[in-house]
Amino acid sequence: GCAARGSPGTEIDDNDDTRALLKERESYRSGIEAKDAQKIIGLVADSFKDDSGTATPEDDLDFATLRERLPQNLSKLDNVRLEMTVRKIDIFKQENVARAVFTYTTSFRMPGLTSKPYSDSEIKEMQFKRIGDDWKITSGI
């Protein structure tokens, strides 16, 4: 038989779903760098929910609050750079959901707050749901 080809430099299987998920992730990355809130919102499912990695509800996001806050938040940033290296993609076909684990490194400036550039790097998880033929982000931005 044939062994599944992997995406170059990763242990991710190369198939239609993983290619679509990697393309979705790249659209997200380029949208963040371009500060294009509408592009990001277009990648997100209506069922989107995110706790921003904290236990406090004040920074929780759903689709409505994302649509409201993302344009404001992105407009405060300059020189946005985002690198996302996907480490693993798990697809759960019966539930039509997927999970991507990635290392992300971001840097930007917030001229209204400080002259110093901000940078951060961590391992994150992004969740997706298949809606029709498309994968949409349900959490992890």
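What to note about this one:
- In this Cβ point-charge picture (+1 for Lys and Arg, -1 for Asp and Glu), segment 45-141 has a dipole of about 320 debye about its Cα centre.
- Between 0 and 90 degrees, the angle of helix 63-75 with respect to the longest Cα principal axis of the chain falls at about 60 degrees.
- The mean sequence separation of alpha-carbon pairs under 8 Å and at least six residues apart, normalised by the residue count of the chain, gives a relative contact order of 22 percent.
- FRET efficiency, 1/(1 + (r/R0)^6) with R0 41 Å, evaluated for D14 and D60 via beta carbons: 0.70
- Tilt relative to the chain, helix 16-33 - C-alpha long axis, 0 to 90 degrees, to 10: 10
- Look at the alpha carbon pairs under 8 Å that are at least 6 residues apart: their mean separation over the length of segment 79-141 gives a relative contact order of 28 percent.
- Exceedance of the 22 Å cut-off in Cα-Cα distance is limited, within the set K88/K124; K23/K129; K23/K76, to K23/K76.
- Between S75 and S121, the FRET efficiency from the beta-carbon distance, with R0 = 30 Å, is close to 0.80.
- Take the chain with all the other protein chains still there, run a 1.4 Å probe, and you get 62 Å² of accessible area per residue.
- Of all accessible heavy-atom area on the chain, the percent that carbon and sulfur account for (1.4 Å): 48
The values are calculated or read from the model by the stated rules, or taken from the named source; none is laboratory data. Keep in mind it's a predicted model, so treat the numbers as computed, not measured. Neighbour counts run over all protein chains shown; Cβ positions are idealised from the backbone, glycine included. Keep in mind that these areas ignore ligands, DNA and RNA; they rest on the heavy atoms of the full protein, side chains included. Shrake-Rupley method; radii C 1.70, N 1.55, O 1.52, S 1.80 Å.
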